Amino acid sequence: MQLRSATRDDSALILSLIRELAEFEHLLHEVAADEATLAEHLFGAQPRAEVLIAQVAGETAGFALYFHNFSTFLGKPGLYLEDLYIRPAYRGRGYGRSIMQRLARIAVERGCGRFEWWVLDWNHPAIEFYRSLGAQPMNDWTVQRVSGDALKSLADDLPSL
């Protein structure tokens with residue numbers, strides 16, 4: 001397997017992998033991304049995330065999309081894995097582990113204090129895989145999200161100071 005950093009030319013491929021992942025997670029109806037938006041935010045003037053593409057014998061096996069966050073408690077950046085997806089035909093061969101090891105190496109090389117991600121609670125094979133890597137669940141934390149119309153409403157409710 002080869003891991004390479006994605007380029008702007010990979011925007012269509014990345015979108016197709018995102019859609020495959022969303023279909024697997026039963027969330028395809030939530031995908032609003034398009035090639036142009038991905039190209040802008042991944043490869044534009046201010047890239048917001050990075051992508052690794054896994055290839056086996058010239059075929060795409062999967063991808064990982066990640067970005068930096070910041071831990072105020074540690075006073076250090078962290079690496080956040082937004083998506084890891086290995087196509088079904090390539091699962092069980094160690095490719096996911098190789099990607100996670102590469103991301104861990106990137107985190108260490110960049111001085112990150114953490115490497116973290118979310119996993120759907122019904123995805124038991126993924127949870128077991130992450131535990132095998134030494135990951136610990138953050139059971140005391142609940143994810144909160146404001147998006148769509150609620151996000152716009154919250155932004156519009158800003159009082160004048």
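FYI, it's all coordinate maths here, none of it is from the lab. Just so you know, these numbers come straight off a predicted model, no measurement behind them. Using ideal geometry, Cβ is built from the backbone for each residue, glycine included, and neighbour counts are taken over all protein chains shown.
Among the trypsin sites (Lys or Arg not before Pro) in the stretch 1-107, those located in a DSSP loop and surrounded by at most 13 other Cβ atoms within 10 Å of their own Cβ are 48, 93. Here is the list for the stretch 1-74: GluC sites (Glu not before Pro) lying in DSSP coil, each with at most 14 other C-beta atoms within 10 angstrom of its C-beta, are 25.
Can you list the chymotrypsin sites (Phe, Trp or Tyr not before Pro) in the stretch 1-104 that are in a DSSP coil and have 12 or fewer other beta carbons within 10 angstrom? Display every interim value, and only then the final one.
Numbers: sites: 24, 43, 63, 66, 67, 70, 73, 80, 85, 90, 95; in loops: 73.
Those that pass, being in a loop and sparsely packed, are 73.
Which FRET efficiency value, to the nearest 0.05, do you get for residue 110 and residue 150 by plugging their Cβ-Cβ distance into 1/(1 + (r/R0)^6) with R0 = 30 Å? Each step should come with its number before you reach the end.
On the way: r = 33 Å, r/R0 = 1.11.
The computed FRET efficiency comes out at 0.35.
In the chain, the calculated helix contribution to ellipticity at 222 nm averages -10500 deg cm²/dmol per residue, counting -39,500 (n - 2.57) for every DSSP H run with n ≥ 4.
May I have the convex hull volume per residue, in Å³, for the Cα set of the stretch 2-156? Provide the component values of the computation, followed by the final result.
Details: hull volume 23.5 nm³, N = 155.
Convex hull of Cα atoms, per residue: 152 Å³.
Could you tell me the center-to-center distance, by alpha carbons, between the stretch 93-152 and the stretch 36-80 in angstrom? Spelled out, the Cα-based centre of one part sits 13 Å from the other.
Order these peptides, 142-153, 115-126, by their mean beta-carbon neighbour count within 10 angstrom, highest first.
Details: 142-153: 8.6, 115-126: 12.7.
Highest mean packing first, the order is 115-126, 142-153.
Each 10 Å bin from 0 upward holds the following percent of the Cα-Cα pairs of the stretch 17-92: 16, 40, 33, 10, 0.
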